[in-house]
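The values are calculated or read from the model by the stated rules, or taken from the named source; none is laboratory data. Source: prediction; values computed, not measured. Cβ atoms come from the backbone with ideal geometry, glycine included; neighbour counts cover every protein chain shown.
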């Protein structure tokens, strides 16, 4: 091995080792991740070996390999900070030629948990498929090709997109990656259920046949082909995989060369002509003064700030999915519709944490409890412009699916009361338990503030439930006493109660906010 | 410019026995300051001297452990209504609302300050023009360069025409062109009788801009007064500063005898 390679492998080992340094919490998380990954890898290996001889083994192996390769391709886009050696711009200043650099980085990137996991899968797959001496010989080649192709794929994608990854848009994308994963999990879940109902793995065989020709799964496919004596097919599949690897390495080297010889994009960006954005305030629907100003900024942030957007999309989606899916499965109760109000009410929590350290701009303009009251009220109103119609819509949709129109006013009333209670407790805990929301990555709590976040959200939710108790009690009493024709009364009662309790909550939170401005700023500036 | 709080002789900023500790480390150890009104005032010191901590406490963004701060004759912590309306701040290391465009940020800040909408838009347009940001006014602040951020922060701090302006490292990481623009605006502003207090560790800049300096090191004030007085007999403020903070005696060359030697 050349010195470059040795140095890069050492660097990778040092980075892995350094994962064990730092705070106890981080070390525990690192070790836990390691153990879980190794455990899953081992179980997968055993499971694949157990599949040996099964008719559908080849389908499963090929699909698993393809999914894993997809993971390798996507990972650098979503978690650019996951592997620091992925960013070639860090090595730009060193006097290195692309070819030794590519070789060194490729070998260095075989060190790590991800490659180990991939190795376990590939080994398991070939053991499940190989029958006969020739197949075993091909298997060794197939494992090496699979591993190298996966690693090269990740590197090539990272190098080609490094401009995107180091830019603001790329980092925004990374923040939204949690959503993609959540949606992906739903799709997988749906697919698995569909498989269960349509009679097993046989349904996947056509997909497996196609994937067996796509690198790096084609290397695994080649092992299967040799086992069945189709040497021509096997050779073609192997050559396909090798060609793909060569192509990836070439693309990667070209991207590296381009990166090393062209100017840094970060300075070019500032000189770009600005795209004209429509900022005319138009016919203003929002009220004047501080209220409208605060609402306008809050609503702009829902759309423009990736963290806020992710939180909102999650709340909106879960608030809809829970009642509607329950209704679809026929197990639902109309009262689940209140879930939407509850989920959206969570957005009122940690208002100032959502500002990050930019909260100082707000703090400089709050000099009395009244200022703080108007500020909090503006934020609550911004929230209501989305929440109120949405909660109503979800309730109406759920009601329509269950056909229980008589219960609609009652459930709406309960929703509004719950929303009011969430806004009230949210405002209060925003003032009392603020915490930082880190702007990079997918974490929503800064280290050391997790306890604070739990107190803030769960304490607040319990308090909100308690605050709703009077309205819930009225609902139960109306049902028990047989006065079900009067349940429509809950709509005005719930709405009035919700509005009243919101105002009370804001009034309580305002003096606390005004008195604790420096403490709030310190708490939200940690991210 | 209202002159109520800045009558002749009354200091724009008066600090008495100000203390702040973070855990074990004392960031500001009992400082007293008196900055005259209508002057360009520099707070200088090496990194970690406590400049940012001091400015944060003076502007009401950080609660002191002990001591009093008066700005334009009013106590910052007891009378925030009067003080916050009369000061402008550009802190260091704190974000802006970066997902707003430059223009939107100014519109937001001005309206939050309680200025009428039309007036805010007029002032914002002029400030953007003077600070050479008109071309980027519809771009999100998150995409601004360091110099542009400092300039938009300065515009936001000036929007309500404050009596005293506090700037923490306004020239840090700023290119010479932007620095000259910022300088021009600040000079015009102090010319009208307003007070500018800014922190820096670039002595040449402080020397060329300020009438009055306070030298800070390790949480204490080493010297304060008119520039000529602090400079004393030293050939430059840089020399005077190095002597004041006791960094002149260190000989850094003896250990690096290989540097610049035979290659």
Exercise. Filter the range B:98-107 for residues that are surrounded by 24 or more Cβ atoms within 10 Å (Cβ to Cβ) and either within 14 Å of residue A:362 (Cβ to Cβ) or without any contact (Cβ under 8 Å) to a residue 12 or more places away in the chain (or both) and give the result.
Key: B:100, B:105
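Do the conditions hold for residue A:254, that is, is it modelled with pLDDT of 85 or more and not assigned by TED's automatic domain parsing to the domain that holds residue A:457?
On the way: modelled with pLDDT of 85 or more: yes; not assigned by TED's automatic domain parsing to the domain that holds residue A:457: yes.
Yes; evaluated as a whole, the condition is true for this residue.
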Practice problem: Report, by residue number, each residue of the range A:343-371 that is within 10 Å of chain B (Cβ to nearest Cβ) and assigned to a loop (DSSP other than H, G, I, E, B). | Solution: A:364, A:365, A:366, A:367, A:368
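Is it true that some residue in the range B:72-86 is assigned to a strand (DSSP E or B) and either touching a strand residue (DSSP E or B) at 6+ places or on another chain (Cβ under 6 Å) or within 10 Å of chain A (Cβ to nearest Cβ) (or both)? Write out each step before concluding.
If we filter the range B:72-86 for residues that are assigned to a strand (DSSP E or B), which is where we start, we get B:74-75.
Next, from what is left, pick out any that are either touching a strand residue (DSSP E or B) at 6+ places or on another chain (Cβ under 6 Å) or within 10 Å of chain A (Cβ to nearest Cβ) (or both): none.
No; the residues of the range B:72-86 include none that is assigned to a strand (DSSP E or B) and either touching a strand residue (DSSP E or B) at 6+ places or on another chain (Cβ under 6 Å) or within 10 Å of chain A (Cβ to nearest Cβ) (or both).
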Quiz prompt | Search result, residues across the range B:62-71 that are over 18 Å from the mean Cα position of the chain (by Cα) and either crowded, with 21+ Cβ neighbours inside 10 Å or part of a helix (DSSP H, G or I) (or both) | solution = B:64
Quiz prompt | Options A:356, A:387: the member that is touching a residue at least 12 places away in the same chain (Cβ under 8 Å) and within 17 Å of residue A:421 (Cα to Cα) | solution = A:387
Quiz item: Tally time: how many residues in the range B:108-128 are surrounded by fewer than 20 Cβ atoms within 10 Å (Cβ to Cβ) and more than 8 Å from chain A (Cβ to nearest Cβ)?
Solution: 9
Practice problem: Collect the residues in the range B:129-149 that are more than 12 Å from every other protein chain (Cβ to nearest Cβ) and crowded, with 20+ Cβ neighbours inside 10 Å, keeping them in residue-number order. | Solution: B:131
Practice problem: Within the range A:323-342, identify whether any single residue is surrounded by fewer than 24 Cβ atoms within 10 Å (Cβ to Cβ), within 14 Å of chain B (Cβ to nearest Cβ) and assigned to a helix (DSSP H, G or I), and answer yes or no. | Solution: no
Exercise. Give the number of residues within the range A:468-527 that are without any contact (Cβ under 8 Å) to a residue 24 or more places away in the chain and outside any helix (DSSP H, G or I).
Key: 3
Quiz item: Pick from B:58, B:28: which is more than 15 Å from the chain's Cα centre (by Cα), buried (at least 20 other Cβ atoms within 10 Å of the Cβ) and under 27 Å from residue A:520 (Cα atoms)?
Solution: B:28
